[in-house]
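Shown next, in structure tokens, is the structure this report addresses.
The values are calculated or read from the model by the stated rules, or taken from the named source; none is laboratory data. Everything quoted here is computed from the prediction, not taken from an experiment. As a convention, Cβ positions derive from the backbone with ideal geometry for all residues, glycine included, and neighbour counts pool all protein chains shown. The area values use the complete protein model at the heavy-atom level, side chains included, leaving out ligands, DNA and RNA. Shrake-Rupley method; radii C 1.70, N 1.55, O 1.52, S 1.80 Å.
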Amino acid sequence: MTVTAFAPETEERFARARQVADAVLFEGYVLYPYRASAAKNRLRWQFGVLVPPGWGTECEEHDFQHTECLMEPKAGATLSVEVRFLHARRRTVQRARPDDGFDTVPELRLDDRVLVPWDEGSEERVEVVASVDELLGDGVTYPFRLPAREDTVPVLDEAGRTVGRLVRRCEEISGTIRLSIRELDGPYRAVRLTAVVENTSDWTPPEGRGADREAALSHSLVATHLLMALSAGSFLSMTDPPEWAKGAVAACRNLHTWPVLAGEPGRADLVLSSPIILEDHPAIAPESPGALYDATEIDEILALRTAALTDEEKREARGTDERAAAVIELADSMPPEVLERLHGAVRSLREVTGPGPTASDGGFPDEYGVQRPDTPWWDPASEAGFDPAQDRVVVDGRSVRKGSRVELRPGLRRTDAQDLFLRGRTAKVEAVLHDVDGGVHLAVTVEGDPGADIRREQGRFLYFQPDEITPLEDDG
């Protein structure tokens, strides 16, 4: 939906910034192994979800985003805003009947793919242009509405016969964009821009069903973010503002989103306000061969893993989503030289002038001219007094060593969220380890873990500090 069209020069600037904006839009859209049946692809749409206000009270998600940033517009400047989001499109699969009718089915198997029900994401844009002068005071409000729609696409086999069809339906969504500016006190001609995007859909959960995220998503703005451009003037960095603006930047409120300078480095006339925190002038690595729907992913590992999927797994991925099918084709067709390019890249080099210091006798030669000591700052082999298999530590007056049974109680130090699931579980101590700073760590395997023997053979343990466990027995 378009409220008003951009000027060609503004559209060109937005087009250059959309590569990163697309990464925000499709972050986590479909994850490896790119199949609808994969557990990680059953709970989707995690970033920038603006839910209907009638349902937001029943969950911890929000119905709005609030962006504030500073800018220095020139006289007569206009502000161009593009709100981008995904509209969830529910897809059902139907099989053709001999009487020319169709039956809804859980899957439709073809030679090259397996079609299954799935929620696709349809990209939507709302474009607004306003003069900076008209944004003073209460500013302006732009409502928008996306009507419900349904379309049907036939499914053909290799012989061209209709064997089924895909039915796609989008529910109605309505929203509002509110833009306003306020001049800052002081000698600088700077203003604070406020941009609020709201979901105003009147959908509420059907009575008796309670909170239903899957149903609410059809009426939600997904992966919502903003691109904002000044025709004349500049924005101030929110992460590295000039000294005079630091107080005003700190007073800005950004809720469920964060604005950064976007576009080409060195320019400050474009901002991306994203639900994913980015740095100024974010960019996609030039080595990346294409979208893998994890914008910060390690492309090499994902490409290798995708290429290693079985033929049946690839068939299901191709039938899950067109974007997933494109990832499969990308991995299968990637030339060796492109894959090799993903292995690593040097972003910068510094020139070293003059002769470097010579390595001392018995030291570690350094080709970059860095002086190395005669011996490493810590040598584990020299610490004969430490033996993980025999060392022990006293916890609550009881001796703990290899073989001791303990109860895990993580969380005292804001530990990894995964560790919190182990609270109250019992474990066996496999080793008592000392680090170079004098800290003590207990390597453990969780009792009842079917993979404990494998972890023990491979030396892959979980690690806790003494104040995160309770001894269950005294080994004397």
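Ignoring lysines fewer than eight residues from Lys402 along the same chain, the ones with Cα atoms less than 22 angstrom from its Cα are Lys428.
Largest first, what is the accessible-area ranking of Arg165, Arg16 with a 1.4 Å probe?
On the way: Arg165 75, Arg16 100 Å².
My answer, sorted largest first, is Arg16, Arg165.
Look at the Cα gyration tensor of the chain: its axes a ≥ b ≥ c give a/c of at least 1.5 with a/b at or below b/c, and that counts as oblate.
Here, segment 147-290 has an Rg and a Dmax of 21.9, 74 Å when only alpha carbons are counted. Could you list log10 I(q)/I(0) for segment 228-325 at q = 0.12, 0.19 Å⁻¹, which the Debye formula gives when each Cα is one point scatterer? These q points yield log10 I(q)/I(0) values of -0.59, -0.96. Using a Förster radius of 35 Å, what is the FRET efficiency between Gln418 and Ala283 based on their Cβ-Cβ separation? Nearest 0.05, please. E between Gln418 and Ala283, to the nearest 0.05, is 0.65. Kirkwood hydrodynamic radius computed over segment 91-144 comes to 16.0 Å, based on all pairs of distinct alpha carbons. Segment 174-245 and segment 290-310 have Cα centres lying 32 Å from one another.
Normalised Debye scattering of segment 43-98 at q = 0.28 Å⁻¹ gives log10 I(q)/I(0) of -1.30, counting only Cα atoms as equal scatterers and leaving out solvent.
Per residue, the solvent-accessible area of the chain (1.4 Å probe, heavy atoms of protein chains only, all protein chains present) comes to 54 Å². Net charge in the neighbourhood of Val81 (other residues with Cβ under 15 Å of its Cβ; Lys, Arg +1, Asp, Glu -1) is -3. Counting 0.36 nm for each residue step from Val394 to Leu156 and taking away their Cα separation leaves a gain of 78.6 nm. Spatial offset of segment 18-79 relative to segment 437-456 amounts to 38 Å, using the alpha carbon center of each.
At a threshold of 8 angstrom on Cα-Cα distance, excluding pairs fewer than six apart, so keeping six or more, what relative contact order does the chain reach in percent?
16 percent
Angle, helix 311-320 long axis vs. longest principal axis of the chain, Cα atoms, 0 to 90°, nearest 10? Taking Cα atoms only, the helix is inclined about 40 degrees. 3J(HN,Hα) couplings calculated from phi for segment 240-254 with the Karplus curve 6.51 cos²θ - 1.76 cosθ + 1.60 (θ = phi - 60°) are, in sequence order, 9, x, x, 4, 5, 9, 4, x, 5, 5, 5, 7, 5, 10, 10 Hz; Gly and Pro show x.
Sorting the segments 108-117, 150-159, 266-275 by their mean number of nearby beta carbons within 10 angstrom, highest to lowest, gives 266-275, 108-117, 150-159.
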